[in-house]
Each structure stands twice: as C-alpha cells, then as structure tokens.
Amino acid sequence: MKTLRIVIERSADMFSTYAENAEGIYGGGDTVEEAKQSILDAIQIIKDEFSPENTPVVLKGDYEIVYQL
C-alpha cells in the first residue's frame, strides 16, 4: 500500500498542510483539524475532477495518509 505523507505546519496565524510526496496537494485552516479536513477535501476534488493522467500516482488505488506535525 502506498503512503501519502502530509506535513502540517503552524504559522503565526494558521495551520497549513501539504503533501510531501505529491505535488499540488495543499490545505489550511485555523486549527489542526480544519487543516486536515481542508487537505482531505483537496484530495477528494483531485480524485473527482482530475483526469487519470493528471492524478498523482499515490492517489491511484489504495493508500494510507500519514500526518507529520
């Protein structure tokens, strides 16, 4: 099974998230939970709207999400 590694970072006014091993997957929010939900929403949009050729390989088939704070 593939692993999608999500990094969560805190700035002065928000939390941001990005996929460490896949380009173009980002999120953010006022709390860690909002940031996690934001990136999950972004992943779902990519899976629903992108063509198979433009979908990151890690999102094809089974994968697990690992968060790193």
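The values are calculated or read from the model by the stated rules, or taken from the named source; none is laboratory data. What you see is a predicted model; the values in this text were computed from it and never measured. Here the Cβ positions follow ideal geometry from the backbone for every residue, glycine too, while neighbour counts run over all protein chains shown.
A few remarks follow.
- Some residue of the stretch 42-58 being exposed (fewer than 12 other Cβ atoms within 10 Å of the Cβ), on the phi > 0 side of the Ramachandran plot and part of a loop (DSSP other than H, G, I, E, B): no
- For the residues T31, T17, T3, the requirement of being at pLDDT 95 or above and touching an Asp or Glu at 6+ places or on another chain (Cβ under 6 Å) singles out T3.
- Some residue of the stretch 9-16 being in a strand (DSSP E or B) and under 11 Å from the mean Cα position of the chain (by Cα): yes
- Residue within the stretch 49-61 that is touching a strand residue (DSSP E or B) at 6+ places or on another chain (Cβ under 7 Å), among the β-branched types (V, I, T) and over 25 Å from D13 (Cα atoms) present: yes
- Apart from one condition, I65 fits all of (1) in contact with a strand residue (DSSP E or B) (Cβ under 6 Å, 6 or more places away or on another chain); (2) surrounded by 15 or more Cβ atoms within 10 Å (Cβ to Cβ); the exception is (2).
- Residue pairs whose Cβ atoms lie under 7 Å apart, sitting 6 or more positions apart in sequence or on different chains, and linking a residue in the stretch 45-60 that is farther than 19 Å from M1 by Cα to a partner that is hydrophobic (A, V, I, L, M, F, W, C), are I46/I25; I46/L59.
- When the stretch 1-30 is limited to residues that are of a type in the set (D, E) and closer than 18 Å to N54 by Cα, the one that is surrounded by the fewest Cβ atoms within 10 Å (Cβ to Cβ) turns out to be E23.
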